[in-house]
Amino acid sequence: MKKTFDYKTDISIFLLLAIVLFLVAGIIFTLNVLRSDPIEEALAGENLINIFFILEHEHKPLGSYVIMYSPMNNRAAAISIPGDTGRILKTVDKMDRLDSVYLSNNIEPYKTEVEELLGLSISYSIVFETEKLAKIIDTIDGVKIFIPHSIEVFEEEIILFPSGNITLDGDKGIQYIVFELPEDESADTNLRRERFFLGLMKRLGEKNDLLSKPSIASFFYSLLNTRMNRLTQRKLFEALSKLDMDRINPQAVSGRYQEISGQRLLMPDYNGAVIRDVVRQAQRSLVQKTQGTLIERVFTVEILNGTVTTGLAARTADLIQSFNYDVIATGNATQNDYENTEIIDRTGIENAVNSFAAVIRCTNIRFESKLPDETEPGIITSESRADFTLILGKDFNGRFVTGN
C-alpha cells in the first residue's frame with residue numbers, strides 16, 4: 001500500500017527534534033560554564049586579582065580602596081584613594097574631585113576614573129553602605145581597631161573613642177568613619193577610615209567560618225552592594241580570609257592640596273605618575289616567585305642631600321614614603337658637590353635594593369655592612385642605621401636620576 005504524506009506528523013517530529021537539540025545544546029553550554037568558572041580560574045592563576053572596596057554614606061564614598069591580591073603567593077597590597085583627589089576626569093571632561101562622578105546606583109564611571117588614575121584594571125567591586133555595614137559589624141561581633149589618641153565629639157550627644165585597642169559595634173563603627181572634626185586635616189580623616197577598613201577586612205577574615213554557614217551567609221551577602229553572584233562573593237572572601245591584614249600597609253595617592261575653582265583638591269604628584277609607579281612596583285613584588293615576604297616588610301631609608309639645592313632631601317622623603325619606605329632621617333651629606341646619586345645598601349637582598357633603586361631609576365649602588373663599628377663617618381650614624389642610604393647628586397632632578 002502506498003504511504004500518504006502526513007504533513008502534521010512530519011511537522012511534529014521536526015519540532016520534537018528541534019526541542020531535543022535545544023535542550024542538548026543548553027546542557028552542553030551549562031556544563032562548559034560550570035567547567036570554566038571565572039573566579040575559580042582567577043584564583044588558580046598567576047595574575048593579580050584587583051578588588052575595589054567602597055565605604056558609602058548617604059550616596060557618597062567615605063573611603064575607596066583597591067586590594068591587589070596574588071593567588072599564587074597569597075599576598076596582597078592595598079591602595080587608598082582619597083575622594084578629594086583632583087584631576088581632569090575623563091568621563092565628564094573637566095577638572096573636579098574624583099568622587100564627583102560617583103553614583104550609588106552605578107559606580108562604573110567612578111571605577112573607570114580610579115582605574116585611569118592607578119593605571120590598572122579592576123576585576124570586582126564591593127560597596128559597603130553604612131546602614132547595611134552596621135548590621136555586618138554586629139554580625140561579626142564588632143571590628144577591632146587601634147586608636148592612637150582618644151577622640152571626643154560634642155554634638156547632640158558625646159561620642160567618645162578612647163585610645164588603645166577597642167572593639168567597635170555597628171553604631172560606633174559607623175560613627176567612627178562618618179564624623180569629621182573641624183580641625184582635622186583631610187589626611188587625618190582618610191587615615192582613620194583606612195584604619196577602620198583594614199580592621200573590617202581582618203575581622204571578616206577571622207569570621208570566615210561563621211560567614212560560611214548557610215543562614216549567616218545568606219544574610220551577610222544580601223548586605224553587600226555588588227554585581228558578583230553569591231558563589232563568586234563566597235570564594236573571593238574565602239581567599240581574602242587567608243591574608244594577614246596586619247602586614248598590609250595601604251599606600252595612598254600622594255600630592256599637594258591646592259585651591260582650584262573654589263575647591264580644595266589633592267593634586268597628585270607628577271600628575272599621578274608617582275601613584276602609578278607605586279602600583280606597578282607593588283604588582284611586580286606580588287608576583288615575584290621568591291621566598292620570603294619582601295612586600296610585607298617596610299625597609300628604612302636615610303636621605304642625604306649632596307647638592308646645593310635647599311630642601312631636596314626633605315622633598316625626596318615625601319616621594320620615597322609614597323612607595324612604602326620608612327624614611328628615618330634626612331640631612332646633608334659631608335659635601336654638596338656629588339655629581340652622581342648613590343645608594344648604599346645594607347640589606348644584602350638583591351630584589352629589595354633593585355626595587356628601591358627603581359623608584360628613582362638609580363643604577364649607582366654599593367653594599368655596606370650594617371654593623372655599627374663599620375659606620376662610614378659623615379654618612380650615617382650607629383643610632384640611625386638604615387637599610388638604605390640615598391645620597392642625592394646633581395643628576396637627580398627631583399623625581400629620577402638622569403644620565404644613567
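For the reader, a short list of remarks on this structure follows.
- When segment 278-299 is limited to residues that are modelled with pLDDT under 80 and not hydroxyl-bearing (Ser, Thr, Tyr), the one that is most open to solvent (accessible area, probe 1.4 Å) turns out to be Gln291.
- Residue list for segment 317-357, restricted to those being within 17 Å of Gly398 (Cβ to Cβ), outside any helix (DSSP H, G or I) and open to solvent by 60 Å² or more (accessible area, probe 1.4 Å): Thr330, Asn332, Asn336, Glu339, Asn340
- The number of residues in segment 174-210 being among the basic types (Lys, Arg) and touching a Leu at 6+ places or on another chain (Cβ under 9 Å) comes to 2.
- For beta carbons closer than 6 Å, sequence separation of 6+ or different chains, a first residue in segment 236-251 that is basic (Lys, Arg) and a second that is not in a loop (DSSP other than H, G, I, E, B), the qualifying pairs are Arg247/Glu296.
- Yes/no for Ala314 being open to solvent by 50 Å² or more (accessible area, probe 1.4 Å) and in a helix (DSSP H, G or I): yes
- Any hit, segment 143-164, residues being farther than 30 Å from Tyr257 by Cβ and either in a helix (DSSP H, G or I) or in contact (Cβ under 8 Å) with a residue 60 or more places away in the chain (or both): no
- Residue count for segment 57-72 satisfying the condition of being open to solvent by 10 Å² or more (accessible area, probe 1.4 Å) and within 22 Å of Asn105 (Cβ to Cβ): 6.
- Options Ser125, Ser186: the member that is more than 22 Å from Arg247 (Cα to Cα) and modelled with pLDDT under 95: Ser186
- Inter-residue pairs, beta-carbon under 8 Å, first closer than 13 Å to Ile303 by Cβ and among the acidic types (Asp, Glu) and in segment 384-404, second part of a strand (DSSP E or B) and at pLDDT 90 or above, 6+ apart: Asp387/Thr300; Asp387/Val301; Asp387/Asp345
- Among the residues listed as Ile343, Ile320, the single one being in contact (Cβ under 8 Å) with a residue 24 or more places away in the chain, in contact with a helix residue (DSSP H, G or I) (Cβ under 6 Å, 6 or more places away or on another chain) and of a type in the set (A, V, I, L, M, F, W, C): Ile343
- Boolean, Leu236 is open to solvent by less than 80 Å² (accessible area, probe 1.4 Å), in a helix (DSSP H, G or I), closer than 27 Å to Asn73 by Cα and of a type in the set (A, V, I, L, M, F, W, C): yes
- Subset of segment 173-229 [outside any helix (DSSP H, G or I) and farther than 19 Å from Ile51 by Cα]: Phe179, Glu180, Leu181, Pro182, Glu183, Asp184, Glu185, Lys207, Ser212, Lys213
- Pairs with Cβ under 7 Å, 6+ apart, first in segment 254-283 and within 14 Å of Ile81 (Cα to Cα) and polar (S, T, N, Q), second open to solvent by 20 Å² or more (accessible area, probe 1.4 Å) and assigned to a helix (DSSP H, G or I): Ser254/Asp269; Ser254/Asp318
- Selection of segment 103-116 for residues being closer than 12 Å to Phe52 by Cβ and open to solvent by less than 50 Å² (accessible area, probe 1.4 Å) yields Ile107, Tyr110, Lys111, Glu113, Val114, Glu115.
The values are calculated or read from the model by the stated rules, or taken from the named source; none is laboratory data. Remember, it's a predicted structure, so these values are computed and weren't measured experimentally. No Cβ is skipped: glycine too gets one built from the backbone with ideal geometry, and neighbour counts run over all protein chains shown. The accessibility values were calculated without ligands, DNA or RNA, using every heavy atom of the protein model including side chains. Shrake-Rupley method; radii C 1.70, N 1.55, O 1.52, S 1.80 Å.
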